[in-house]
Each structure stands twice: as C-alpha cells, then as structure tokens.
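Please read the structure below before turning to the comments.
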Amino acid sequence: MFIYRTISYSLNRALHRCVQIRKHRISQTLHRHNHNFNKPKVVLGIETSCDDTGVAVVDTDGQILGEALHSQTEIHVEQGGINPSTAQTLHREHIQNVVSTALERARKSLQDLDAIAVTVEPGLTLCLRIGVDYAKELVAQSRLPMIPVHHMQAHALTARMLEKIEFPFLVLLISGGHSILTLAQDVDRYLTIGNGLDTSPGDCLEKVARRLNLNSLSQCKSLSGGAAVELMARGGNPHKFPFSVPLVKEPSCNFSFSGLRSQAERIIEVEKNQEGISDSEVIRDVSDFCASLQHCVAFQICRRLQRAFAFCTMQGLLPSHPTLVVSGGVASNLFIRQCLQQVCSENSARLICPPPKLCTDNGIMIAWNGIEKLKVGRGISEDPQSETYRARSPIGENIADEVTKIGLKIPPLKLKIQP
C-alpha cells in the first residue's frame, strides 16, 4: 500500500509539473509577442465550420487589418444543399491561399501576430478538421499561442468589435443551423434561455425555397434560399397565405420550425395542383407566398424574444435598458430585423445587428473572439496539437427548462412591418 501511494504521489507530482511547464511556456510565448504593451495585439482567425473558408487579421482596437473569404454558396446551391464531403474538399483546396491573402492584405507575417484563433466547435466535423489541422501547422511553425473558438460564442461577441456593449446582454443567434436565445454574461460565460428543438429558421427557409424552385428565377440564380425568399417577399402580401403559426405549446423560449416547413410544402403542392403546373415550375403567387412565410418565421422569433425579455426582467438578469445583439445568417434578413426592432422598442432595449457580411460565417468574428480571450487571458490552449473539434457543443449553461416552468404570460404581438 505504501509503495502504491508513493507511486501515485509521484505520478500526480509529475502531471502537475507538466501542466505548470506548459502554462509557463504559454506565458513566455505571450510575453515574447506582447513585450510592447502599448502596441495593439494582432490575431489571425480561421473559420471552416461549414461551407465558407474565412480568414481575417484583427487587432485589439477592432480594426480589420486584412480578410479573405472563399464562398462555396454557388456550388452548394447547384447541388441542392450543403454536401459535407464537397465542402471539406473545397476547404482543403483553398485554405492556404485564403490565409496567405488575408495576411498579405493585412501586410503582416506570422511573426507579426500575437495568436492564432480557430473554430473548433460546433460545425461539420469534416470541415472543422481542415481549419483546426491548418491552425496546428501554423502554430507549430510560428510557436504562437492557439485560441480554440466556439463558433456561436464568436457570433455573439462580434458586435462588441463595432460598438461599446457591456456585459450582460441578450443574444439571438439565428442561422441555417441554429436558433438560440442566450444571455452573454462574460467573454466565456453564457446562460441559454431558448434552443431550437428541430429545424432552424435558416434551414426552413432554405428547404421551402428549394421546393418553390426559386433558383430557377433569374433574379435568384446565385442566392441562398433565405436570401431568395427575402427578395421575392418584397411587395408581397404577408397575409395572403394563412399559415397557422406553429409555436411550441408550452410557454418557453424554444424554437420549432419543422411544422411550418411541412405546412409550407403542403400548400405549395396544393397550389401547383390547382394551377396545373409541374414540380419544376414556380407558383403564380410566389411573392405573396414568400411574404407570408417570412412573416410567420419573424413572428415566432419575436414571440420568443418577448418572453426572453420578460424572463430576464423578472430574474434581474439584465439592466433596465438592455441590449439585444442579433447575429447569424438569418439576421441578415432586413424584414426580420425590423420586426425585432419593434419588440426591442416595446422593451426599452437597444438592438444591435452587425453588418450583413459579419452575420454570416467569417474569419473576422473568429479573430475577434481570439482578441476577447487574449485580453482576459482565458481560453488559450495549453496543448495546441491535442486540440480536437466537435460537431455539437452547447454555447453555455442551459436554463431553458426554468423559463418553461415559470409559465410567463406575455402580451399579444402584432407585427406592424410590411415586407
């Protein structure tokens, strides 16, 4: 027993020593690159979580020194949706050039950087792997610190690069893969108030747009499904097609769009049968249909936001004049933004939406998340070469069930915005 304890004690001391040595090396590396404390820190960000290869160089002042993006949208639109294998191949083919271009535009070399940030979660594993492996190569070559980044946390904090936003603030992330309502309490601390239970709003719009054959229209040829719906909805009647709003039954902040998608596809089939047209043709009232669909998506999102404000106010989680940050691909939809502004105005809240190009996946948000972590000295990898990637990963602590249990009643909502 004595021998066992002695061996165990020795192993523990050895492990502790390894950790201390690694921390010391990180500290030395940071000190080596940060010896001039008046000089802004510079971070390279790499994003490959889905179908865009995004790289950017950003400094602590929020300046975008250089950026580059290889978009795969057109290819995946032609294929009828994102193919992970195709996306991985395109990431692999272009990542070196995209990184080089971003550094060249920033007029920086690896030696001028203070850290390399890379998306490690969540996303398509085949795609994440390309970015993470390439970041490891750069780190090994330069001996720079590596900062693993949570994709959704990066979306949440991008607005802080553009405007002064103090913690805590409410965040709505709506995209092709996510619908999340969360409270940002710090750079790396989040309370999730509402989650997507099934189809995301972006995926719903994408699938319905495909069923409508919008990509066969000249004006929608190179657009994503969500952008095509928004374009065709302009000037349409949002009440022409009476979608029954498929809200989650319990009084929660959770999202569900699968019912809306199914209902929309059934209506399209009925319309095509009545008009006597083939599956490859576009229905006559496509503009009204898109306006009605978009209105329904916006309504559900806004109802969830109403309850989130009510919950946070009751629990004292937000200041009296709170801030809502909205990001993700669907946040680029200007009609949905206007609807969200209505709810914010009714709750004395400030609405902040990054520019559309920062709402979709990009390297800028990853580099900025690296800057945020570098500033507070947290989230820096102790062993970059052992970092891995994860397809699924919560943004923070989930308290959505607490919201449901309270059973908050909220006032009726009538959206006053026209597409």
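We did not get these values from a lab; they are worked out from the coordinates using the rules stated. Keep in mind the model is a prediction, meaning the values are calculated, not measured. FYI the Cβ positions are ideal-geometry reconstructions off the backbone, even for glycines, and counts take in every protein chain you see.
When the helices in the chain are scored as -39500 (n - 2.57) per DSSP H run of 4 or longer and the sum is shared across all residues, what 222 nm value do you end up with, to the nearest 500 deg cm²/dmol?
-15000 deg cm²/dmol
Where a Cα-Cα gap under 29 Å defines reach, which lysines qualify for Lys405, not counting those fewer than 8 residues away within the same chain?
List returned: Lys249, Lys414.
Does anyone have the angle between helix 125-142 and the longest principal axis of the chain? Alpha-carbon axes, 0 to 90°, nearest 10?
Orientation of helix 125-142: about 30 degrees from the principal axis.
Cα atoms only, the stretch 146-224: Rg and Dmax in Å?
16.3, 46
Charges only on Cβ, +1 for Lys and Arg, -1 for Asp and Glu: so what's the dipole of the stretch 149-261 about the Cα centre, in debye to the nearest 20?
520
Determine the alpha carbon to alpha carbon distance for each of Lys136/Lys373; Lys164/Lys373; Lys357/Lys416 and list only those over 20 Å.
Lys357/Lys416
For Glu78 and Ser320, compute 0.36 nm times the residue count separating them, minus their Cα-Cα distance, and round to one decimal in nm.
Here the segment from Glu78 to Ser320 would lengthen by 82.3 nm.
Taking all pairs of distinct Cα atoms, average 1/r, flip it, and tell me the Kirkwood hydrodynamic radius of the stretch 42-177 in Å to one decimal place.
Values: mean 1/r = 0.0644 Å⁻¹.
With all distinct Cα pairs of the stretch 42-177 included, I get 15.5 Å.
Could you sort 343-352, 121-130 so that the peptide with the highest average Cβ count within 10 Å comes first and the rest follow in order?
121-130, 343-352
Please express the shape of the chain as an equivalent ellipsoid: the semi-axes are the square roots of 5 times the eigenvalues of the C-alpha gyration tensor, given largest first in whole angstrom.
After diagonalising the Cα gyration tensor, the semi-axes are 41, 26, 20 Å.
Can you tell me the FRET efficiency between Ala140 and Arg105 if r is taken as the Cβ-Cβ distance and R0 is 22 Å, rounded to the nearest 0.05?
0.35
Per 0.36 nm of contour for each residue apart, how much would the distance between Ser258 and Lys375 grow if the chain were fully extended, relative to their Cα-Cα spacing? Walk me through the intermediate numbers first.
Details: separation 117, 0.36 × 117 = 42.12 nm, distance 4.08 nm.
Extending this stretch completely gives an extra 38.0 nm.
Mind ordering 99-110, 377-388, 251-262 by average Cβ neighbours within 10 Å, highest first?
Most protected by this proxy first, the peptides run 251-262, 99-110, 377-388.
Please work out the ratio of the alpha-carbon Rg of the stretch 245-338 to 2.2 N^0.38 Å and round it to two decimals.
1.40
What do you get for the angle between helix 363-376 and the principal long axis of the chain? Use alpha-carbon atoms, 0 to 90 degrees, nearest ten.
50
Please name which of Ile410, Phe289, Ser71 has its Cα lying farthest along the dipole of the chain towards the positive end, using unit charges on Cβ (Lys, Arg +1; Asp, Glu -1) and the Cα centre as origin.
After comparing all options, I get Ile410.
Using mean Cβ contacts within 10 Å as the protection proxy, how do 328-337, 399-408 order, highest first?
Going by the mean number of other Cβ atoms within 10 Å, highest first, we get 328-337, 399-408.
In nm², what is the average projected area of the convex hull enclosing the Cα atoms of the stretch 180-268? Let's see the in-between values first.
Working: hull surface 31.1 nm².
So the mean shadow area of the Cα hull is 7.8 nm².
Among DSSP beta bridges lying fully in the chain, give the percent that are antiparallel, nearest 5.
If we restrict to bridges inside the chain, about 55 percent are antiparallel.
For the stretch 40-140, what is the percent of antiparallel DSSP beta bridges, rounded to the nearest 5?
75
Determine one quarter of the surface area of the Cα convex hull of the stretch 246-404, which equals its mean projected area, and express it in nm² to one decimal.
Average of the hull's projected areas for the stretch 246-404 equals 13.6 nm².
If you stretched the chain out fully between Leu415 and Asp188, how much longer would it get, using 0.36 nm times the residue separation minus the C-alpha to C-alpha distance?
Full-extension gain reported as 78.3 nm.
Once you sort the root eigenvalues of the Cα gyration tensor of the stretch 320-363 as a ≥ b ≥ c, which label holds: rounded (a/c under 1.5), prolate (a/b larger than b/c) or oblate (the other case)?
Taking the square roots of the gyration eigenvalues as a ≥ b ≥ c, the stretch 320-363 is oblate.
Please work out whether the stretch 123-185 counts as rounded, prolate or oblate from its C-alpha gyration tensor, where a ≥ b ≥ c are the square roots of the eigenvalues and a/c under 1.5 means rounded, while otherwise a/b larger than b/c means prolate and anything else oblate?
oblate
Report, in whole Å, the centroid distance computed from the Cα atoms of the stretch 157-197 and the stretch 73-108.
Between the Cα centre of the stretch 157-197 and that of the stretch 73-108, the gap is 26 Å.
What list do you get for Arg160, Arg303, Arg266 if you sort them by fewest beta carbons within 10 Å?
So the residues, fewest neighbours to most, are Arg266, Arg303, Arg160.
Charges only on Cβ, +1 for Lys and Arg, -1 for Asp and Glu: so what's the dipole of the chain about the Cα centre, in debye to the nearest 20?
Computed about the Cα centre, the dipole is about 1200 debye.
Report, to the nearest 10°, how far helix 334-346 tilts away from the longest principal axis of the Cα atoms in the chain, using its own Cα long axis and a range of 0 to 90°.
80
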